[in-house]
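This report refers to the structure that appears directly beneath it.
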Amino acid sequence: MRLAAVGSLIALIAAAGARARPSAGTLTRASAGPRAGLSSTPLLKSPELWATVDICNAPRHPYTIGIRGSMPGDGHPHDAMYMRFLVQSQNATKQWSDIGKSADSGFVPIGSGTSARQAGRTFEFKPSPTSYTLRGEVQFQWRRAGRVVHLASLFTSAGHKSLAGAEPKGFSAASCVLP
């Protein structure tokens, strides 16, 4: 699924709204209150929990960033897992901010909590006279009977194996520079 993100670099930065994100790697239990840390939970420590850039201005996907995530199942067959894919841009002072609604997938259902799942989204941008650096953030939710029971958030990093979608095959990066 392709989502068209509007504008050039100037529009990207203007749309970002300079909204800062919490640090990557947070995992909470919704019933424990907002952002209550569970750093010892097996879900956060799982090697199956990651986010990566798997497409960056590739020949078949010019001016496009692909973001892919993987999340472990929590072992509950009635739990549903969701991912949300967001794109951030880096400004001249090396700070990251969200681009906005055009680069936000919203939460996407990806399956039951019985096993690990991967999913991804691509975001296409208009060509710009200057280059800009992008990264992704993936937010993960495990829901039981419609309630969020666990959540996590990770920024993209390199060195992950996508089961599908990477271009070129095996590509995994922390960020993406678009011309």
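For segment 17-65, enumerate the residues that are at pLDDT 90 or above and over 15 Å from the mean Cα position of the chain (by Cα).
Step one: filter segment 17-65 for residues at pLDDT 90 or above, giving 46-65.
SER46, PRO47, ASN57, ALA58, PRO59, ARG60, HIS61, PRO62, TYR63, listed by residue number.
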Filtering segment 67-89 for residues that are closer than 13 Å to THR156 by Cα and within 9 Å of the chain's Cα centre (by Cα) leaves a count of 7
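Just to be sure, is ALA166 more than 29 Å from THR41 (Cβ to Cβ) and either of a type in the set (A, V, I, L, M, F, W, C) or in contact with a Gly (Cβ under 6 Å, 6 or more places away or on another chain) (or both)?
Values: more than 29 Å from THR41 (Cβ to Cβ): no; either of a type in the set (A, V, I, L, M, F, W, C) or in contact with a Gly (Cβ under 6 Å, 6 or more places away or on another chain) (or both): yes.
When the stated conditions are applied, ALA166 does not pass them.
Restricting to segment 75-97, name every residue that is more than 21 Å from SER172 (Cα to Cα) and either surrounded by 19 or more Cβ atoms within 10 Å (Cβ to Cβ) or among the β-branched types (Val, Ile, Thr) (or both).
Of segment 75-97, the ones more than 21 Å from SER172 (Cα to Cα) are 75-82, 91-95, 97.
Scanning segment 75-97 gives ASP79, MET81, TYR82, THR93.
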Among residues of segment 118-177 being of a type in the set (A, V, I, L, M) and assigned to a loop (DSSP other than H, G, I, E, B), the residue farthest from the chain's Cα centre (by Cα) is ALA145
Index of the failed condition, PHE171 passing every other in (1) surrounded by fewer than 21 Cβ atoms within 10 Å (Cβ to Cβ); (2) at pLDDT below 95 = (2)
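Give segment 105-117 a look and list any residue that's of a type in the set (A, V, I, L, M, F, W, C) and part of a strand (DSSP E or B), or say none. Break it down into steps so the answer makes sense when it comes.
Going residue by residue through segment 105-117, those that are of a type in the set (A, V, I, L, M, F, W, C) are 107-108, 110, 116.
Residues satisfying the conditions are PHE107, VAL108, ILE110.
Is it true that ARG144 is out of contact with any strand residue (DSSP E or B) (no Cβ under 6 Å at 6 or more places or on another chain) and either among the basic types (Lys, Arg) or buried (at least 21 other Cβ atoms within 10 Å of the Cβ) (or both)? Let's see the steps before the verdict.
Working: out of contact with any strand residue (DSSP E or B) (no Cβ under 6 Å at 6 or more places or on another chain): yes; either among the basic types (Lys, Arg) or buried (at least 21 other Cβ atoms within 10 Å of the Cβ) (or both): yes.
For ARG144, the condition - out of contact with any strand residue (DSSP E or B) (no Cβ under 6 Å at 6 or more places or on another chain) and either among the basic types (Lys, Arg) or buried (at least 21 other Cβ atoms within 10 Å of the Cβ) (or both) - is met.
Each row is one residue, and each column tells you yes or no for (1) under 17 Å from ALA58 (Cβ atoms); (2) free of Cβ contacts under 8 Å to residues at least 40 places away in the same chain; (3) among the acidic types (Asp, Glu).
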residue	(1), (2), (3)
GLY75	no, yes, no
ASP79	no, no, yes
ALA92	no, yes, no
SER102	no, no, no
VAL108	no, yes, no
THR114	no, no, no
GLN141	no, no, no
LEU163	no, no, no
GLU167	yes, no, yes
Exactly one of SER131, SER89 is farther than 16 Å from ASP54 by Cα, touching a helix residue (DSSP H, G or I) at 6+ places or on another chain (Cβ under 9 Å) and modelled with pLDDT of 95 or more, and that one is SER89
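The values are calculated or read from the model by the stated rules, or taken from the named source; none is laboratory data. Please read these numbers as outputs of a predicted model, since none were measured by experiment. Note: ideal-geometry Cβ built from the backbone for every residue, glycine included; neighbour counts use all protein chains shown.
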